[in-house]
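A quick write-up on the structure given underneath.
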Amino acid sequence: MNPLATSDFHTVEGIARVVCLEGSVAWLEPEQTGGCGSCAASSGCGAKGIGTVASRMEIRRFPLANVDGLRVGERIVVGVCDRALIHAALTAYALPLATALGAGGLAEWAMGSDLATMAATAAGLSAGILAARIGAGRLAARGDLAPHFLRRARPGETCGTGEQ
């Protein structure tokens, strides 16, 4: 049973295409969103190479347990709990920033030296990055950020619309 379908949490949805099946694992690529085709380099899109859309999409592939009989080429809607995304953003950005500013402010208050403040800020940032890395590892280990299968995408459905 889909854990997101039975919960009271809101999900952030996205559309992905099944690109490969390996045993009981389906490999997905998220569909590109945005205004592709309007830039000067749009004629080169799709060709594999460093920095092309195709190479960036291949890097973004992710696995999903294929318990729903997915097939290559099929478009599906996947979701991640919005609370998990907020928690991840706070872990990745707010925690290092808070430790850097806190350590720098404490050093300025205690010592009043610019050099000590800069050193404490750098040390606080390093400690915050380490703490964020540990926190992100815990989020990943619990599977909080792993996308979950919600449904098969309807024809013409685009990301976030649920309709044509």
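Some observations on this one:
- Per the listing Gly102, Gly112, the residue uniquely farther than 14 Å from Gly135 by Cβ and surrounded by 15 or more Cβ atoms within 10 Å (Cβ to Cβ) is Gly102.
- Within the option set Ala120, Ala110, Ala98, Ala89, being over 30 Å from Gly23 (Cβ atoms), of a type in the set (Gly, Ala, Ser) and in contact (Cβ under 8 Å) with a residue 24 or more places away in the chain holds for one residue only, Ala98.
- Cβ-Cβ under 8 Å pairs, at least 6 apart or on other chains, segment 145-159 side closer than 16 Å to Glu29 by Cα and basic (Lys, Arg), far side modelled with pLDDT of 80 or more and in a loop (DSSP other than H, G, I, E, B): Arg152/Glu74
Residue-by-condition table, conditions (1) under 30 Å from Arg151 (Cβ atoms); (2) basic (Lys, Arg); (3) outside any helix (DSSP H, G or I); (4) in contact with a helix residue (DSSP H, G or I) (Cβ under 7 Å, 6 or more places away or on another chain):
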{"position": "Arg71", "(1), (2), (3), (4)": "yes, yes, yes, no"}
{"position": "Gly79", "(1), (2), (3), (4)": "yes, no, yes, no"}
{"position": "Leu85", "(1), (2), (3), (4)": "yes, no, no, no"}
{"position": "Leu90", "(1), (2), (3), (4)": "yes, no, no, no"}
{"position": "Ala100", "(1), (2), (3), (4)": "no, no, no, yes"}
{"position": "Gly105", "(1), (2), (3), (4)": "no, no, no, no"}
{"position": "Leu115", "(1), (2), (3), (4)": "no, no, no, no"}
{"position": "Ser126", "(1), (2), (3), (4)": "no, no, no, no"}
{"position": "Ala131", "(1), (2), (3), (4)": "no, no, no, yes"}
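The values are calculated or read from the model by the stated rules, or taken from the named source; none is laboratory data. Please read these numbers as outputs of a predicted model, since none were measured by experiment. As a convention, Cβ positions derive from the backbone with ideal geometry for all residues, glycine included, and neighbour counts pool all protein chains shown.
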